[in-house]
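This report concerns only the one structure given below.
The values are calculated or read from the model by the stated rules, or taken from the named source; none is laboratory data. Only a predicted model underlies this, so the values are computations on that prediction, with no experimental measurement involved. Cβ placement follows ideal geometry from the backbone for every residue including glycine, while neighbour counts extend to all protein chains displayed. Each accessible area value is taken on the protein alone, full model and side chains, heavy atoms only, with ligands, DNA and RNA left out. Shrake-Rupley method; radii C 1.70, N 1.55, O 1.52, S 1.80 Å.
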Amino acid sequence: MSTDQMQGATVVAPLPAPLRGSTSVPGDKSISHRAVLFAAMAEGTSRLSGVLDSEDVRSSIGAVRALGAEVSLEKAADGSLCGGVTGWGARGPRQPDGPIDCGNSGTTARLLMGVLAPWDVRVELTGDESLVKRPMRRITAPLMKMGARFLPEGRETLPITVCGSRRLRAISYDAPMASAQLKTAVLLAGVFAEGTTVLNEPAPSRNHTELMLPEFGVDTTAADRTASVTGPARLEACEVQVPGDPSSAAFIACAAAIRPGSSVQVENVSLNTARIGFVRTLERMGADVSVRHTGSAGKEPYGVISVSHTPNLRGCEVPAEKIATIVDEVPVLALVAAHARGVTVFREVSELRVKETDRLAAVIEGLGELGVDAWADGNDLFVEGQPGLRTPAGVSFDSKGDHRLAMTWALAGLCGTAPVEVKNFDSVKISYPQFLSDIERLAR
Ligand code: S3P
């Protein structure tokens, strides 16, 4: 690996050896955000361990500090953040001095809307050049039904000022898309509304909020496509242990699936079924992959994901109702599909267009750089695999500031046959700062 500072590009060369052995991955990003935000909302001091130290989670930490929570998280020997968060509890968040910058983090911005909606504060939320383009109406619409206001009225993107209200109404809401961020924002506001707030979704999205809120003492129900909270309730401090992030583990698993001779185990990783759709997808492609449950952190199961290379990957179809379980893994799974025999189709992936960048367009463009045919038909993504794919000389990718794309295109170089260039590789710091060193250590 080398970095050409002048052009902001990183040259990623093929790994010198197959990936072998065991590793762990940093803490789960979604669970880390929730641990920090829920602890900030709670009465008393929560003890958190295994929290992901990355730019996105630091956006949530910065936000809750500005709102009056006391955060004393410190770097532990394994690189995670551990320590206490003393919440504002019944006092509510304080009016911050200025706007809250959520950086690149959609989770911070969207969950904060639900956190702030039930309080008498006016808080402007903003973000970086990617976040200010992302849709917020999906969150403001249900929160407005509950009685919160957002200024300027009708605005669909950040910066937006949340004008909270102490008299929120409980609602029953049918979400137009499967989004855990939307679901969480509504449930968090619902904690302080009078009555039962119900959120129905078209397909199951990740359920970390439903699993964690009861740990903080909030009466929560969760079923296949519906979740509810009954308010008004209060959060009480608790202990949260964050397991490894399956979305980070997916890059190691996919690398092992496509690099001949590889055999790896990723330990202490969340095995939440709403998150390990990539394991099921790899299985459908004929990969040699298995999971072993070893424990639980609160209600979150964790364990070991093992993957060994097999030469005969085949294309498969991922149905629409499973996309939420791989929503962050579609780019790297599309790279695996590029190595498989036949066509892989990911149905109804329109949500990819509104992630940190338009990941649907970026995947088609990037695979095109590799000489692989990939196309969209409506909202379906198709990838025509090429077993024995060879990397053309001089390939240049651009992460477009999107961490998942940076790692996907780096894998094309690491597991390919010639070096590739990845512009703006630096965006890995959003979710997995030590991605390259972790993967290079497995290939020594
Ligand atoms: C997240 C939910 C997903 C995911 C994002 C994190 C969360 O977004 O893409 O990286 O922590 O709730 P949506 O559920 O809104 O699609």
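Structure data summary
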quantity	calculated
Matching option when the condition is closer than 21 Å to residue 192 by Cα, modelled with pLDDT of 95 or more and β-branched (Val, Ile, Thr), among 132, 162	162
So residue 36, is it open to solvent by less than 20 Å² (accessible area, probe 1.4 Å) and closer than 16 Å to residue 297 by Cα	yes
Any strands (runs of 3 or more DSSP E) falling wholly within the range 171-244 and containing at least 2 residues that are more than 15 Å from the ligand (Cβ to nearest atom) and surrounded by fewer than 19 Cβ atoms within 10 Å (Cβ to Cβ)	172-174, 195-200, 226-231
Single condition residue 124 does not satisfy, out of (1) within 24 Å of the chain's Cα centre (by Cα); (2) crowded, with 17+ Cβ neighbours inside 10 Å; (3) away from the ligand (no atom under 16 Å from the Cβ)	(2)
Identity of the residue in the range 334-358, among the β-branched types (Val, Ile, Thr) and within 16 Å of the ligand (Cβ to nearest atom), that ends up least open to solvent (accessible area, probe 1.4 Å)	349
Matching residues, the range 345-358, being of a type in the set (A, V, I, L, M, F, W, C), touching a Leu at 6+ places or on another chain (Cβ under 9 Å) and in a helix (DSSP H, G or I)	352
Residues that are touching a Phe, Trp or Tyr at 6+ places or on another chain (Cβ under 7 Å) and either crowded, with 20+ Cβ neighbours inside 10 Å or at pLDDT below 95 (or both), drawn from the range 269-309	269, 270, 271
Residue within the range 72-81 that is touching a residue at least 40 places away in the same chain (Cβ under 8 Å), within 28 Å of residue 354 (Cα to Cα), assigned to a loop (DSSP other than H, G, I, E, B) and open to solvent by less than 40 Å² (accessible area, probe 1.4 Å) present	no
Residue in the range 82-104 that is open to solvent by less than 40 Å² (accessible area, probe 1.4 Å), more than 16 Å from the ligand (Cβ to nearest atom), of a type outside the set (Val, Ile, Thr) and part of a strand (DSSP E or B) present	yes
